[in-house]
Amino acid sequence: MDRRVYMVPNPPMPNIPLQFDAAVCNGCNVCVKICRTDVLMPNPERLTPPIVLYPDECWYCGCCVEDCPRPGAIMLVHPLNQSVVVSWKRKKTGESFRLGMKDPPPPNTRPPAR
Amino acid sequence: MTSWWDLIEGGQSTPEWPYPIRYGQESRISTDVLVLGGGIAGCHAAISAARRGASVVIVEKGHIRRSGQGGAGVDHWQAACANPCSTVSPEEYTRAIVDGFAGYDCGPMRYAQCRESWDAALDCERMGVQIRDVHGEFEGAEFRDPETQLLFCYDYESRHSLRVYGDTMKPCLHKETVRLGIKTYNRVMATSLLTEDGKAGVRVVGATGVNVRTGELYVFRAKATVLAMAHPRREWVFSTELNGGAATFADLNIVGDGHAMAWNAGAELAGMERSYDTAGGFAYIQYGVGYPDNTWFGCTMVDARGKPVPWFDGSGRELAAVRDRFLPRDGQKFMLIGGGLTGSSVTPQTQGNHIDDSLAERIRSGEVVLPLYADLPSLPAHERRAIFGLMVGNEGKTRVPVYETYTRAGFDPDQDMLQAPIMPPDAYRSPHYPAGVSVPQWREIFGGGLMVDWDLRSSLEGLYGAGRSVYGAGDHSGAATSGRYAGRRAADYARDASGPAVDEDQLETERARVYAPLQKRPESMGWKELNAGICRIMQDYCGQFRSEETLLRGLRLLAEVREAELTRGYAANPHELGRVLECHTILTVAEIVMHASLARRASSEHLDFRRLDYPAVDPPEWRKLSPIRRDHGEVKTRDVPLDYHLQPPYASTYEENYVAHGGSSPDTGGA
């Protein structure tokens with residue numbers, strides 16, 4: 001546990017509305033360009049994911065995810081205060097699931113209506 | 001380095017602001033028509049003005065591609081009375097809604113919607129928005145017309161409102177503005193209206209704006225200006241600490257800058273005393289919990305034991321089959337449902353089918369056991385897919401936040417029932433469960449805005465209104481149609497209007513106000529604390545119950561805060577500068593609401609308005625509008641009949657007025 005510790009203010013809440021996958025994101029900053037509330041700032045280090053500077057101003061509209069040219073680079077994560085009560089029951093088996101559970105069921109891959 | 005912790009903890013110095021800083025620099029732009037706000041109303045206003053040959057500039061606080069309340073998508077396209085399958089006339093629909101709001105609705109804007117909603121939908125289709133089931137996924141569904149491939153919602157018999165694939169709406173509108181050569185200034189927050197000789201109450205000649213990335217000042221000189229900005233928010237309740245901006249129906253940019261600017265310029269505002277209670281930051285994920293209304297309309301709800309919750313028609317008769325929920329009862333011409341059109345805002349004639357108020361009692365008595373679930377698997381396949389796949393998937397904030405997020409987590413509407421929130425029994429009286437449990441003194445303005453004539457012109461020459469800038473309730477197609485209408489009228493006015501001149505003294509005063517928050521002092525205060533402080537004044541002095549005593553004290557307190565704390569608002573960068581200036585807006589709107597509340601000396605059920613010193617509810621002599629405006633530092637009010645738009649100098653029918661004000665020549669779209 002040998003690590004440097006800093007004097008920092010408390011994290012803004014919610015913490016991380018958007019998770020970037022640095023292996024997929026190429027730092028094109030389309031999301032920075034279109035975010036309505038300017039939550040994201042271009043990273044000073046080129047070709048890397050933007051900085052989520054104002055997570056507390058995110059509207060969770062998901063437009064950055066939608067407009068991202070590299071699917072999988074950004075994931076929207078709802079605030080725990082909301083997501084923790086999103087749950088569903090499988091009608092036939094009576095099993096309960098919830099958003100964010102530890103061992104989730106396999107994804108449902110059906111796309112939206114087109 | 002992408003997260004907050006990376007930024008703070010990395011042992012690196014704080015990164016410099018990524019955009020060039022241009023405080024004090026200024027750009028001057030001239031145009032025929034200036035559109036303030038690049039949301040749905042603003043885009044349509046700009047497009048229709050440009051098609052009339054006007055040069056057009058849009059000013060947008062965010063980025064036009066996805067900004068505004070409709071920027072994340074739309075599923076319902078309401079009041080499409082003129083579509084080939086509709087059995088409801090624009091006149092009937094207008095009257096039903098205006099009557100439903102007990103007359104407290106904007107007649108011209110509503111009629112324009114009912115007349116042009118279908119045209120506007122076709123226009124959007126030409127711009128690339130899918131408004132039909134072109135791939136035949138819903139073939140055979142009762143809500144699909146085989147010939148036109150249109151999909152209808154709510155009322156499958158009268159077919160006045162559409163289901164649309166509106167997720168791409170804003171990108172398509174954006175593209176059309178570019179195609180028409182409309183210049184958009186993104187990231188520019190409009191801060192004030194400029195007026196002739198810098199006076200209040202006269203012709204509007206443009207606006208100022210500040211770039212929230214660079215801090216540069218913009219001066220827009222325009223022959224005509226369309227105010228197309230959203231309604232005021234963050235007045236009574238503000239907290240990003242709970243859920244960021246997630247739990248509020250409007251994003252953080254939406255504060256009512258347009259209302260404050262119009263007020264300062266001397267424009268008349270109506271309906272600002274009206275409000276309703278809200279859950280503030282405690283709402284649930286929009287459209288992301290099981291419920292039986294709006295985007296999820298018609299969904300079967302079952303209790304914890306699997307017992308279905310009964311549905312009723314407007315006369316209180318229980319409905320047996322799922323399909324009955326979508327059909328008017330015997331003898332009923334049509335139903336109005338969705339977009340806030342349920343419960344007290346509709347008349348018995350158009351009251352839609354619903355899960356009724358008795359649910360609260362059923363929960364109390366133990367007959368219904370919480371939690372409830374949205375039983376999607378039990379629905380006919382087309383209905384299930386329409387709710388979760390078409391509506392959830394295209395409505396704003398549903399494509400990624402709900403559809404993609406939930407299905408990735410394994411949610412399958414064919415097998416799974418989505419839980420409804422567990423709330424106190426009375427909270428289920430409103431079928432819109434995602435709104436959560438509201439608190440009486442946490443309120444939001446409902447429908448207050450510019451008083452307009454049949455041109456959608458405000459009381460000021462050169463200033464037009466569209467969407468939520470205008471007095472009256474609204475929705476997506478209402479924003480689109482009022483934008484089209486106001487854009488046309490503004491362009492027509494601009495064609496003959498003289499060249500406007502900017503008053504340099506007025507500009508200098510605004511420049512000083514805009515840049516004042518850059519001064520850091522020992523007593524400096526951030527925008528969040530300012531916002532929350534103003535909210536407390538509104539909760540206490542202008543909450544659910546108001547009186548002359550509380551309102552006058554509230555106004556004094558607001559004036560003190562304006563002189564003291566507001567001047568200490570500090571902005572470390574252009575982004576924060578915008579947010580501090582929003583607090584100026586919020587304080588100004590608070591004053592407007594208090595003045596409007598003083599002007600109405602009666603309580604009103606229709607307006608959710610309670611005066612402790614005037615407890616009589618909706619006395620006949622107060623069934624009127626009491627618009628207010630500022631004139632030489634004083635607040636002036638007057639009495640206006642609710643149907644002013646059908647009284648002299650206007651004609652007595654909607655149709656005649658519409659035609660007399662350019663409505664006979666709707667623009668022909670981009671084809």
>> Can you tell me how many residues within the stretch B:418-434 are in contact with a Ser or Thr (Cβ under 7 Å, 6 or more places away or on another chain) and more than 7 Å from every other protein chain (Cβ to nearest Cβ)?
In response: 1
> Quick check, is A:ASN26 in contact (Cβ under 8 Å) with a residue 12 or more places away in the chain, more than 7 Å from every other protein chain (Cβ to nearest Cβ) and more than 16 Å from the chain's Cα centre (by Cα)?
Replying inline: yes
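When the stretch A:88-114 is examined, which residues are found to be assigned to a loop (DSSP other than H, G, I, E, B) and crowded, with 16+ Cβ neighbours inside 10 Å?
Just the residues of the stretch A:88-114 that are assigned to a loop (DSSP other than H, G, I, E, B), to begin with: A:91-95, A:99-114.
Listed by number, the residues that qualify are A:LYS91, A:LEU99, A:PRO105, A:ASN108, A:PRO112, A:ALA113.
Does the stretch B:157-166 include one or more residues that are hydrophobic (A, V, I, L, M, F, W, C), buried (at least 22 other Cβ atoms within 10 Å of the Cβ) and within 20 Å of B:SER477 (Cβ to Cβ)?
Of the residues in the stretch B:157-166, the ones hydrophobic (A, V, I, L, M, F, W, C) are B:162, B:164.
Of the ones still in play, those that are also buried (at least 22 other Cβ atoms within 10 Å of the Cβ) are B:162, B:164.
Restricting the remaining residues to those that are within 20 Å of B:SER477 (Cβ to Cβ) gives B:162, B:164.
Looking through the stretch B:157-166, at least one residue is hydrophobic (A, V, I, L, M, F, W, C), buried (at least 22 other Cβ atoms within 10 Å of the Cβ) and within 20 Å of B:SER477 (Cβ to Cβ).
Filter the helices (runs of 4 or more DSSP H) completely within the stretch B:489-577 down to those with at least 3 residues that are assigned by TED's automatic domain parsing to the domain that holds B:LEU598 and of a type in the set (Lys, Arg).
Working: elements: B:504-515, B:527-541, B:548-563.
Fully inside the stretch B:489-577 and qualifying: B:548-563.
Taking the criterion of being surrounded by fewer than 16 Cβ atoms within 10 Å (Cβ to Cβ) and at negative phi, would at least one residue in the stretch B:383-395 satisfy it?
no
Please go through the stretch B:244-265 and pick out each residue that is in contact with a Leu (Cβ under 9 Å, 6 or more places away or on another chain) and in contact (Cβ under 8 Å) with a residue 40 or more places away in the chain.
Within the stretch B:244-265, B:ASP257, B:GLY258, B:HIS259, B:ALA260, B:MET261, B:ALA262, B:TRP263, B:ASN264, B:ALA265 meet the criteria.
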>> I'd like to know if the stretch A:60-71 contains one or more residues that are of a type in the set (D, E, K, R), touching a strand residue (DSSP E or B) at 6+ places or on another chain (Cβ under 9 Å) and either buried (at least 18 other Cβ atoms within 10 Å of the Cβ) or facing another protein chain (nearest Cβ under 7 Å) (or both).
In response: no
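Rundown of residues vs (1) of a type in the set (Gly, Ala, Ser); (2) touching a residue at least 60 places away in the same chain (Cβ under 8 Å); (3) in the same structural domain as B:GLY306 (by TED's automatic domain parsing), yes/no style:
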site	(1), (2), (3)
B:GLN349	no, yes, no
B:ALA381	yes, no, yes
B:MET391	no, yes, yes
B:GLY396	yes, yes, yes
>> If I filter the stretch A:14-21 for residues that are out of contact with any strand residue (DSSP E or B) (no Cβ under 8 Å at 6 or more places or on another chain) and at pLDDT below 95, do I get at least one hit?
In response: yes
> How many residues does the stretch B:102-117 hold that are out of contact with any Cys (no Cβ under 6 Å at 6 or more places or on another chain) and crowded, with 24+ Cβ neighbours inside 10 Å?
Replying inline: 10
> Take the residues of the stretch B:397-417 that are more than 7 Å from chain A (Cβ to nearest Cβ) and acidic (Asp, Glu): which is farthest from the chain's Cα centre (by Cα)?
Replying inline: B:ASP414
> Does the stretch B:455-483 hold any residues that are surrounded by fewer than 24 Cβ atoms within 10 Å (Cβ to Cβ) and in contact with a His (Cβ under 6 Å, 6 or more places away or on another chain), and which are they?
Replying inline: B:ASP455
> How many residues, within the stretch B:20-69, are polar (S, T, N, Q) and within 14 Å of chain A (Cβ to nearest Cβ)?
Replying inline: 2
>> Conditions first: (1) facing another protein chain (nearest Cβ under 7 Å); (2) crowded, with 20+ Cβ neighbours inside 10 Å; (3) within 20 Å of B:PHE249 (Cβ to Cβ); (4) hydrophobic (A, V, I, L, M, F, W, C). A:VAL85 passes all but one, so which condition is the exception?
In response: (2)
>> Residue pairs, Cβ under 8 Å, 6 or more apart or interchain, first in the stretch B:122-143 and touching a residue at least 40 places away in the same chain (Cβ under 8 Å) and within 11 Å of chain A (Cβ to nearest Cβ), second surrounded by fewer than 21 Cβ atoms within 10 Å (Cβ to Cβ) and in a loop (DSSP other than H, G, I, E, B). List them.
In response: B:GLU137/A:ARG114
> Given the conditions (1) modelled with pLDDT of 95 or more; (2) within 22 Å of the chain's Cα centre (by Cα); (3) outside any helix (DSSP H, G or I), which single one is not true for B:ALA260?
Replying inline: (3)
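Please work out if A:THR48 is within 7 Å of chain B (Cβ to nearest Cβ) and either in a loop (DSSP other than H, G, I, E, B) or of a type in the set (Asp, Glu) (or both). Talk me through it step by step, then tell me what you get.
Values: within 7 Å of chain B (Cβ to nearest Cβ): no; either in a loop (DSSP other than H, G, I, E, B) or of a type in the set (Asp, Glu) (or both): yes.
No; evaluated as a whole, the condition is false for this residue.
The rows are residues; the columns are (1) free of Cβ contacts under 8 Å to residues at least 40 places away in the same chain; (2) not hydrophobic (A, V, I, L, M, F, W, C).
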{"site": "B:PHE411", "(1), (2)": "yes, no"}
{"site": "B:ARG429", "(1), (2)": "no, yes"}
{"site": "B:TYR433", "(1), (2)": "no, yes"}
{"site": "B:GLY436", "(1), (2)": "no, yes"}
{"site": "B:SER458", "(1), (2)": "no, yes"}
{"site": "B:SER469", "(1), (2)": "no, yes"}
{"site": "B:ASP475", "(1), (2)": "no, yes"}
{"site": "B:ALA486", "(1), (2)": "no, no"}
{"site": "B:GLY499", "(1), (2)": "no, yes"}
>> Could you list, ordered by first residue, the pairs with Cβ atoms under 6 Å in which the first is in the stretch B:302-331 and surrounded by fewer than 16 Cβ atoms within 10 Å (Cβ to Cβ) and the second is β-branched (Val, Ile, Thr) and part of a strand (DSSP E or B), at least 6 apart or interchain?
In response: B:PRO308/B:VAL302
>> Taking the condition of being in contact with a Pro (Cβ under 7 Å, 6 or more places away or on another chain), part of a loop (DSSP other than H, G, I, E, B) and crowded, with 24+ Cβ neighbours inside 10 Å, how many residues in the stretch B:206-248 meet it?
In response: 4
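The values are calculated or read from the model by the stated rules, or taken from the named source; none is laboratory data. Just so it is clear, the model here is predicted, and its values are computed rather than measured. Note that we place each Cβ from the backbone using ideal geometry, even for glycine, and neighbour counts take in every protein chain shown.
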